[in-house]
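Step one of this worksheet: look at the structure below.
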Amino acid sequence: AQSVSQHNHHVILSEAASLELGCNYSYGGTVNLFWYVQYPGQHLQLLLKYFSGDPLVKGIKGFEAEFIKSKFSFNLRKPSVQWSDTAEYFCAVNAGGFKTIFGAGTRLFVKA
Amino acid sequence: NAGVTQTPKFQVLKTGQSMTLQCAQDMNHEYMSWYRQDPGMGLRLIHYSVGAGITDQGEVPNGYNVSRSTTEDFPLRLLSAAPSQTSVYFCASSYRTGGDYNEQFFGPGTRLTVL
């Protein structure tokens, strides 16, 4: 069965620190990949997505992610986090058809 | 555009009661889905629809029913509420571009407590 693993459930960083959140999936074929963010009290919204082409994808608010096919990974990065980045981050994979599988999420807390 | 709307925002039920969570979208999206969000488990797909009149089960369909009579609306019915159904429920819609299923647009969620 398809699955999505997010390695860190909780991450605490100070402002200006660099961020990398891991995401691995288990599916050998063509995939569409997404990162969503859920700010406190809000609904999920899209950060970035990868369908094809350049494996380094840039999203909103300075986030980027790199698709490494050989490692089945799609890690999220940001060079310098801000207090306003405090949120829960979800990696999601679509492996054909409409169904999208979500990871368990990573809660990020940024200390001011 | 209002996007995806959900009602109610909060609901408390007693075990055995039934209710319907409402979901509507005004983006003319073909695909709609219901998820439940539980701590440490991410989002789990309950039911989804690929068009009016077409629904299918997701990962955790037991205890829930859906129907899709119009493109806009996709209500979720809890048949006989159980404490295990205490969760936050999100409705989402999406569309397709060529062969790619695009991102999902989420509603604000319904926080349900079953006593």
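Here, each number is a calculation from the coordinates, and none is a lab measurement. A quick note: this is a predicted structure, and the numbers were derived from the prediction, not measured. All Cβ positions, even for glycine, are placed from backbone atoms using ideal geometry, and neighbour counts span all protein chains on display.
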Cross-link pairs A:69/A:99; A:78/A:111; A:78/B:9; A:71/A:111 - those with Cα-Cα distance over 23 Å: A:78/B:9; A:71/A:111
What does the highest-first list of B:39-51, A:40-52 look like by mean Cβ count within 10 Å? B:39-51, A:40-52
Mind jotting down the distance between the C-alpha centroids of segment B:63-115 and segment A:16-80, whole Å? 24 Å
Could you give the nm distance between label points at residue B:1 and residue A:30, where each point is 7 Å from its Cα heading toward the beta carbon? 2.5 nm
Rounded to 5, the percent of DSSP beta bridges in the protein assembly as shown classed as antiparallel: 90 percent
Straight-distance crosslink candidates among aspartates and glutamates, where the alpha carbon sits under 14 Å from residue A:49 and sequence neighbours closer than 8 are dropped: A:64, A:66, B:100, B:103
Could you give the nm distance between label points at residue B:20 and residue B:80, where each point is 7 Å from its Cα heading toward the beta carbon? 2.1 nm
I need the peptides B:85-94, B:23-32 ranked by packing, meaning the mean over residues of other C-beta atoms within 10 angstrom, with the highest value on top. B:85-94, B:23-32
